[in-house]
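In what follows, a structure is listed as structure tokens, so that the remarks can point back to it.
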Amino acid sequence: MTILQRTPVTLAEVQSIVKNLEEKKDLKEYLKKFVKLSKEKVDALTKQIRELNNPKIKEKDVVKIADFLPETHEELNKVFTEVSLSEEETNAILNITKKY
């Protein structure tokens, strides 16, 4: 098998993909424990983060933010291991996540 493309996906997206697969019972139980938002809310959240048009925020970071829903500066900084965000950038993201 050859991997042609890698695309980060949120846990909510995975949940919607495997929803009707009988053989993925363990995965569905895992997702039930850790998925915090519906797919619709995740789509809205990720759209708002992307609309910040911040080049420091990569797609994998958007996905992590949607999955973890950080509430503090410290929690958000754990998502961004490769770059450092300013207080203004951090506040902009946290203002979005607080809505969800």
Quick check on segment 77-86. Is at least one of its residues outside any loop (DSSP other than H, G, I, E, B), at pLDDT below 95 and not polar (S, T, N, Q)? yes
Considering segment 87-98, residues that are exposed (fewer than 11 other Cβ atoms within 10 Å of the Cβ) and assigned to a helix (DSSP H, G or I), and then whichever is nearest to the chain's Cα centre (by Cα), we arrive at N95
Taking segment 70-80 and keeping only residues that are exposed (fewer than 15 other Cβ atoms within 10 Å of the Cβ) and either within 21 Å of Q5 (Cα to Cα) or touching a residue at least 24 places away in the same chain (Cβ under 8 Å) (or both), one is left with E71
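If a residue has to be assigned to a helix (DSSP H, G or I), of a type outside the set (A, V, I, L, M, F, W, C) and without any contact (Cβ under 8 Å) to a residue 40 or more places away in the chain to count, how many in segment 21-63 make the cut?
Here the count works out to 17.
The values are calculated or read from the model by the stated rules, or taken from the named source; none is laboratory data. Treat the numbers as computed from the prediction; the structure is a model and nothing was measured. Glycine gets a Cβ as well: all are built from the backbone with ideal geometry, and neighbour counts include every protein chain shown.
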